[in-house]
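Data first, discussion second: the structure below is written as structure tokens.
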Amino acid sequence: MSMLTVSGSPHVHGDSSVKKIMYTVVIAMVPAMLVSVYFFGLDALRVLVISSLSCLFFEWLIQKYLIKGPVTIFDGSALITGILLAFNVPSNLPTWIIIVGAFVAIGMAKMSFGGLGKNPFNPALVGRIFLLISFPVQMTSWPEPKMLFGSMASQPDAMGGATPLGFLKEGLKNSTVPELMSKMPDLMMDFIGFIGGSLGEVSVVALLLGAIYMLIKKVITWQIPFAYIGSVVVFTGILWLIDPDMYVDPLFHLLTGGLILGAFFMATDMVSSPISPWGQIVFGIGCGVITILIRIWGAYPEGVSFAILIMNAFTPLLNRWLKPKLFGETIKAA
Amino acid sequence: MNDVMIFSVISLGAIGIAAAVILYFVAQKFKVIEDPKIDEVEEALPAANCGGCGFPGCRNFAEATVKSANESKHIEGLNCPVGGNDVMTTVAAILGLEVEESKPLIAVIRCNGSRENSPQKVEYDGPATCAFAHNLYSGEGGCQYGCLGLGDCVAACQFDAIHMDPVTGLPVVNDKCVACGACVKACPRDIIELRFKGPKDKRIFVSCVNKERGGPAKKNCAVACIGCGLCEKECKFDAITIINNLAYIDYEKCKLCRKCVPVCPTNAIHELHFPPKKEKPVKPEAAVKEEKPELPASKEETDKGGVPPEDAKPGNQQA
Amino acid sequence: MGILKTFSLGGVHPPENKLSADQAIEVLPLPKQAFIPLNQNLGAPGVAQVQKGDVIKVGQLLAKGEAFISSNVHSPVSGKVLKIDNVMDPSGYRRPAVVVNVDGDEWVDGIDRTDTLVKEIKLSQKEIVEKIHQLGIVGLGGATFPSHVKLMVPEGKTADVLIINGVECEPYLTADHRLMIEKGDEILVGTTILMKGLGVERAIIGIENNKPDAIKNMTELAGKFKGIEVCPLKVKYPQGGEKQLIKATIRREVPSGKLPIEVGAVVNNVGTAFAVYQAVQKNKPLIERVVTITGKSVAKPGNFMVRIGTPIRELIEKAGGLPEDSGKMIGGGPMMGKALLSMDTPVVKGSSGILILRESESKRVDVKNCIRCARCVSVCPMGLEAVLLAQLAEMEMWEESEQENVMDCIECGSCHYTCPSGRPLLDYIRLGKSKVGQIIRNRGKK
């Protein structure tokens, strides 16, 4: 018999592990991956594979040769970053740009801060924003979705390859909302994902499936996504009630762009979001408000990425400001 | 185009000048008048901010010395262990005072419970910090006074002067030690002591802090001090005292005669940097059995070495 | 039954593993040598009342608790005092203990050793408290807080309810469970005595729902006693924590840093209630207790009535010997118990169980980076930010730790249990607690 072990309590450990959490998220992203391949064809598959592999590669390279520490590329975190980065770019993006994006995401946004758990910003989003600013043309020329099999009414020609949000933003300069809406596919298309856009953001239904899975598995909490989506609905709803000609209805905002992807998969990133429930709610509301500010009054048609990154920067402050409720605290104050 | 440039230059320049003027007056208004000697003293200090002097940093030490010199015309009790005599002489010169030379000190590890001497009985699994392990249990080797070997002293040292020996599992002090005392404070078991560095680094000390009776002490560690008192009898200079079954050599009184070293039945007394003796004395094994008479646990025993902290027990009733 | 009560904040569900729940309490034979530590309670150690060579009887006073928070220790065996020496106790340190060579089983006069139930309480409130004090009763849930101190309600405070802790939320342990099934009447009489000692009219026995037989037995028996009700609780760890139990049963929240008496409640364990019964009605000091010996590889897990001071070796041998694949011995349950260093460690008043873990269960999982998932925060029953407290302790920022209420931690271990990165959060928090505690004590001295 070997020596007895001595350690502090507790002497048992639950069955949760970093790997389990990460791969649950990966599984939750599978429906959206399948839909993206279905709508954008093998190009989508190419983007997904290149992005994931290069993220894993850069993480391995940096851990092995720069940090010279243990290599933990199979914990799933780099894979998530890779898939999320792919979800956030158009399917016709040149391969080398994807690799640059992966390098920025892993090298700059994650490893330079010390790796898993230390990054203040969501790595995939940093990569995405870097690409958006550096290669605006490639990043915003969306391919038209084509079905891999079967057929569905193709998009109205007026759309070109633009995303609904981009189309709306451009069109509002000399037109009104009801006019533009008539030229766009109906909201059912938005829900299923048969619209222009980045790989992963188009299909709301696939993303919701994954989100429900994550909520059931308790990998994410309800606070951030619900506060985020709720604040978007309230904010756009108020504007829409004021002037339906200028502002589009909340449902449209919900179903287009990266809102669902952002709310469930990126704002909920554990590392860069606040700890306490109230902090998470404030975080979600902040994301929602900034998203709509950018969508309606900003220079870009879409504001989810910027909103989440800006709120990431507030996370440490929120952690300080909004503490979880202490047992016996209410009575202490009285 | 030129207009734009000229306007830019003029406006920026004007802002710059205005800001400079404001800053100048603000600086004048909020100027803190300080004794210039503080800066001079601080210059002379090693700037390690190690806290060895008892102050948070070198600046605070400089302030304290200047204050002391101004108010009471001496700087006794203030010493920079890192800079040693040289620095203190310089500081005294700046302040127009003289200092007595103090003998240089060095950190000494008073435990020799290596893996060989004190074989491992259980395995520790937890954070590598002595402070926590001390609260948890007595130690892998079973000695509740001995070194836990998790390196809080190494982490506390800012001078790269203390390292863990991977073979023995004990820390080793090297020449870089400046006797700042950080490791002494870090050690939860008071094993490390600052002692005279000695002529040519020659030192003699009891490498054990075990206050248990001979039997239990010896059971856990082959080289534990068993408090037999042979060294005390041997010492001609009254430098050795035995309290709580533990011999202690007063470094102020010790003349480094080395007589006590061979008489120790457990080889607990260590000599460092002496030339080797001609013949190695045979270990008097018989003396080991000569245990001290039983003493009831005295009050001195309840210092932080032997007894776990009061809150070692779980704080709440739990079923 | 409707929705079961429980506490609101945090909590985890470790696998229950109550292997010995069906094993009736057996009396363990006397050991050859007993080691009775002088300090078996929270607070100051007792002062030895015997000397080497003394011949002592069962029930004789061994050590007197002289400080306010301190308690008496009585001899659990008869025989000759071999020595008073340092002996490894469950704290992991060798501390003073009386070593007795056991000889026969001779008791001091006046102790009723029969099993007859004595229901009538003759003593007055004051006498009850004094008796509990004299006979060395301490909290048997694990914290070993002297019971008489709990019954002395500080001036300006009033108690209105007594809560009896039959929760046993620690996995594996079944000592209290068996006691409630086999000694229900005695516990209820003990509860009545405690109610009288405390001067309250109402008592609630909290039992988790994973012990339906105990709930049934106690509910049936409690009908015959005035003012005692049984409250079934939803299974959630750490419901056995005083503050959690008060919250669960009477929805009162003990203020941060205060004792339960602040909200008019006093909590005692069922084991304590049993010991109180024996002390007050039978004049029997606290010299034995029920100890669970368990573990997945243990051949015969069981519950034993063990004399204090018995080396755990005897218990382990009774249960089929130390299994080949043992990796860790724990005094107490897996969530809050202390790892034991040696089989010679004696059973003390606070030993609720001995748990033997397999080697594969005893190593901790590898520590990885914190991913800030905040699970430690969501499971903390005290609403603390474990991750932050652990970081502060790692960086030795004690003042900040105090501001973040590190002293409120009840060391239940839920944070470490749930951490996906396997970080030793509680280890660091405990370090923080001990350092901050020292700072606070020093402040008090100045």
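Condition first: surrounded by fewer than 24 Cβ atoms within 10 Å (Cβ to Cβ), of a type outside the set (S, T, N, Q) and more than 7 Å from every other protein chain (Cβ to nearest Cβ). Now tell me which residues in segment C:362-378 satisfy that.
C:ASP366, C:VAL367 - these are the residues of segment C:362-378 that are surrounded by fewer than 24 Cβ atoms within 10 Å (Cβ to Cβ), of a type outside the set (S, T, N, Q) and more than 7 Å from every other protein chain (Cβ to nearest Cβ).
In this structure, does C:PHE68 turn out to be more than 29 Å from C:GLU361 (Cα to Cα), assigned to a strand (DSSP E or B) and not aliphatic (A, V, I, L, M)?
Spelling it out, it is not the case that C:PHE68 is more than 29 Å from C:GLU361 (Cα to Cα), assigned to a strand (DSSP E or B) and not aliphatic (A, V, I, L, M).
Please indicate, with yes or no, whether at least one residue in segment C:430-445 is crowded, with 24+ Cβ neighbours inside 10 Å, in a helix (DSSP H, G or I) and facing chain A (nearest Cβ under 8 Å).
yes
Residues in segment C:301-343 that are within 13 Å of chain A (Cβ to nearest Cβ), touching a residue at least 60 places away in the same chain (Cβ under 8 Å) and at negative phi: how many?
Residues that pass the stated criteria total 11.
Given the conditions (1) within 14 Å of chain A (Cβ to nearest Cβ); (2) under 22 Å from C:GLY309 (Cβ atoms); (3) not charged (D, E, K, R), and given that C:GLY10 satisfies all but one, which numbered condition is not satisfied?
Failed condition: (2).
For the condition without any contact (Cβ under 8 Å) to a residue 12 or more places away in the chain, in contact with a Phe, Trp or Tyr (Cβ under 8 Å, 6 or more places away or on another chain) and outside the structural domain of B:GLU43 (by TED's automatic domain parsing), what is the one hit in B:PRO104, B:PRO127?
None of the others qualify; the one that does is B:PRO127.
Examine segment A:103-113 for a residue that is surrounded by fewer than 23 Cβ atoms within 10 Å (Cβ to Cβ) and at positive phi, and state whether such a residue exists.
Checked segment A:103-113: no residue is surrounded by fewer than 23 Cβ atoms within 10 Å (Cβ to Cβ) and at positive phi.
Select from segment B:110-129 the residues that are within 10 Å of chain A (Cβ to nearest Cβ) and in contact with an Asp or Glu (Cβ under 8 Å, 6 or more places away or on another chain) and write down the one among them that is surrounded by the fewest Cβ atoms within 10 Å (Cβ to Cβ).
Looking at the filtered set, the residue picked out is B:GLN120.
Suppose we filter segment B:64-97 for residues that are of a type outside the set (Ser, Thr, Tyr) and not in a loop (DSSP other than H, G, I, E, B); how many remain?
Number satisfying all stated conditions: 15.
Hey, A:THR24 hits all of (1) closer than 30 Å to A:THR163 by Cα; (2) modelled with pLDDT under 90; (3) within 12 Å of chain C (Cβ to nearest Cβ) but one; which does it fall short on?
Condition not satisfied by A:THR24: (2).
Condition first: within 19 Å of the chain's Cα centre (by Cα) and either more than 14 Å from chain B (Cβ to nearest Cβ) or in contact (Cβ under 8 Å) with a residue 60 or more places away in the chain (or both). Now tell me which residues in segment C:40-64 satisfy that.
Result: C:GLN40, C:ASN41, C:LEU42, C:GLY43.
Considering every residue within segment C:399-410, establish whether at least one is out of contact with any Ser or Thr (no Cβ under 7 Å at 6 or more places or on another chain) and within 7 Å of another protein chain (Cβ to nearest Cβ).
Yes, segment C:399-410 contains a residue that is out of contact with any Ser or Thr (no Cβ under 7 Å at 6 or more places or on another chain) and within 7 Å of another protein chain (Cβ to nearest Cβ).
When residues of segment B:220-269 are filtered for being modelled with pLDDT of 90 or more, in a helix (DSSP H, G or I) and touching a Gly at 6+ places or on another chain (Cβ under 7 Å), how many remain?
Total satisfying the criteria: 0.
Any chance you could count how many residues in segment C:132-161 are away from every other protein chain (no Cβ under 14 Å) and in contact with a Pro (Cβ under 7 Å, 6 or more places away or on another chain)?
Total satisfying the criteria: 2.
For segment B:135-147, indicate whether the set of residues that are closer than 30 Å to B:GLY54 by Cβ, more than 14 Å from every other protein chain (Cβ to nearest Cβ) and modelled with pLDDT of 90 or more is non-empty.
Yes, because at least one residue in segment B:135-147 is closer than 30 Å to B:GLY54 by Cβ, more than 14 Å from every other protein chain (Cβ to nearest Cβ) and modelled with pLDDT of 90 or more.
Of all residues in segment A:52-73, how many are assigned to a loop (DSSP other than H, G, I, E, B) and surrounded by fewer than 17 Cβ atoms within 10 Å (Cβ to Cβ)?
Residues that pass the stated criteria total 5.
Restricting the first residue to segment A:38-51 and requiring it to be in a helix (DSSP H, G or I), which pairs with a second residue that is hydroxyl-bearing (Ser, Thr, Tyr) meet a Cβ separation below 6 Å and a spacing of at least six or different chains?
A:PHE40/A:SER91; A:ASP43/A:SER91; A:ALA44/A:SER36; A:ALA44/A:SER91; A:VAL47/A:SER91; A:ILE50/A:THR95
The values are calculated or read from the model by the stated rules, or taken from the named source; none is laboratory data. What you are looking at is a predicted structure, and each value in this text was computed from that prediction instead of being measured. Reconstructed Cβ throughout: ideal geometry from the backbone, glycine too, with neighbour counts over all protein chains shown.
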